[in-house]
1. Quick one: work out Rg over Rh on the C-alpha atoms of chain B, Rh as Kirkwood radius.
2. Report, as an integer, the average count of C-beta atoms from other chains found within 10 Å of each Cβ along A:121-129.
3. Cut-off 10 angstrom, C-alpha nodes, Gaussian network model of chain A. Which of A:Asp76, A:Asp35, A:Asp14 fluctuates the most?
4. Over the alpha-carbon set of the protein assembly as shown, divide Rg by the Kirkwood Rh and report the Rg/Rh ratio to two decimals.
5. Roughly what % antiparallel, to the nearest 5, for the DSSP beta bridges in the protein assembly as shown?
6. Rounding to the nearest 10 and keeping the result within 0 to 90°, find how far the Cα-based axis of helix B:219-229 lies from the longest principal axis of chain B.
7. For a footprinting-style exposure proxy, rank B:Asp195, B:Asp41 by other Cβ within 10 Å, fewest first.
8. Check cross-link reach from B:Lys2 to the lysines: straight Cα distance under 28 Å, and skip same-chain residues fewer than eight apart.
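Any read-out appearing in this document is the output of simple, stated calculations on the displayed coordinates, not a laboratory observation. Computed from a prediction, not measured in an experiment: that's the story for all the values here. No Cβ is skipped: glycine too gets one built from the backbone with ideal geometry, and neighbour counts run over all protein chains shown.
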Amino acid sequence: MIVTLNTRRYMAHDIEIILSRQLADSLSVPVFIVDTDGTLLFYNEPAEYILGKRFVDTGAMPVAEWSTLFQPFDDDGNRLLPKELPLVKTLYRKEPAHGSFWIKSLNGSSHKISVTSFPIIGRAKKFSGAVAIFWTDQKAKE
Amino acid sequence: MKINLLGTRGSHPISNQESVYYGGSTPCIQVSSGQHQIILDAGTGIVNLRSSRSEKKEHHILLTHLHMDHIQGLGFFEPLFDSESEVHIWGPVSSQDSLFDRLQRFLSPPLFPLSLRDVPCDLHVHELADEKFTLQGFTIFTRFISHPGPTIGFRIQNGEKSMAYIPDHEPMIGSLDIYADANWLSGYDLCNNCDLLIHDAQYSTEKYLKRVGWGHSSIKHAAELAKACGAKHLVLFHHDPSHTDEMLNSLFEKFIDGNDYTFPIELAREGMEIDL
C-alpha cells in the first residue's frame, strides 16, 4: 500500500540552495542567496564588503534588516524602491532580472553596481529562492 | 527491520580473488520487516536476492539515481518477466524526460534485448522529489542530494528505528571539510539521528582530491557527515572498484587509527546483514 503523507518540515535548505552556496563560496564576485521570503540566507566574502558585515557574525538576515544596510539610488540620485531592485523582481516574477544603480558604502562613498539575479528552481520545479551577483561598474563617485 | 547488503561496490562490478571478502556486486540493498520488503537500487547485487523473497508478487525497487552501477541489474530482476508480478520502480524526477523514458534508454535495444514497455509484469513507475510517504509498512523520506544528475537519498523509518541510504554523495565539492551548520549540509534531513547510515566512501582523502566533482565522498566526508548528523552507526559503502580487500582494510585502519569517533564505523560487505 502506498500512502502520501503531509509535507515534512525540513531543517536543511533545499539542495539547490546548498549547491548555490558552494558555488558562491568559490567566486570572487559578491553573491547573495535569498529564500522565497527574501531572507538573506548567505552572502559570500566579497559581498561582506557591500554589506559591511560578516556572514559568520550575522547568519541569515530578514529582508527588512539587510535591505537597509545599503541605500540604492538611480543616476539622478532618486532613491529606488525595493520593488525596483533586480533581486526583488526575481522573487516576485520568478524570472531573471538585471539592473544598474548606485549604492552608498559604509565609508560614505557611492559606487555604481550592476546586479544580475536569477531564480532557483530545481528539477521538481520547486521555487526555492534566488541568487544575485553584484559587480562594480565604475570607480567611486565622490 | 533487516537490512541485507546484496551489492556494495561502486562504479562497476568486479570479480577477482583479491576482492572476495567485500564483494564485487554493485549497489543493491534489501530492507525487510515481517512480510514487507523494499529494494534499494538495482545494481548487479540484485541477482543475489534470495529466491524465497522473489516469490512475492508485489515488488518495490527504489532507485537513488540512474547511473549504470545502480540500475545494471534491473534487467535481470526476474519478477519483471513474470506476468503475475506487480513491480513498482521509484526514482528521482528530472526536469526533462520522465523516469520511464530514462530507464527505457537502457532497457531497450540495442543495449538490452527487450524494451521496458514490453515486460510482461504489471509495471508502475513513480517519480520522486523531496517527499514523505509510506510503503510496505515503512515510512520513507526522500531528499535530493549532491551528486551529478538527479539523485535522491532515502531515510527509511520502521517503528522507532531508522536507516539512511546515501550511496553516492559529495557533500562538499572540492573540500575535505563540511559546513558546520546543519542547514547547509546536503543529506542532513535523511541522516539526522538515524540508527544506521549507509554512505558513500569511495575514495581515500588523496584520491578524492583527484576526483573533485565526480560526486563521491572520502571516508572522512562520510564520517564527518555522520558525526554532524548524530548517526549512531556508519557503514561505509560504494567501494572503489580498484580497491582490493587488503587495500580497503588498510585505508579503513589508517583512517580509524587517526580519529576517535564515538559511533561504530565499519566497511560494507556483500552479504552483510544488519538488524535494527
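1. So for chain B, dividing Rg by the Kirkwood Rh gives 0.95.
2. Partner-chain Cβ atoms within 10 Å, mean over residues of A:121-129: 4.
3. Judging by the Gaussian network model, the answer is A:Asp76.
4. Checking Rg against Rh, the ratio lands at 1.04.
5. Values: 61 of 88 bridges.
Around 70 percent antiparallel, to the nearest 5.
6. Here the helix axis deviates by roughly 90 degrees.
7. Values: B:Asp195 17, B:Asp41 29.
Least crowded to most crowded, the residues run B:Asp195, B:Asp41.
8. B:Lys56, B:Lys57, B:Lys132, B:Lys161, B:Lys220, B:Lys227, B:Lys232
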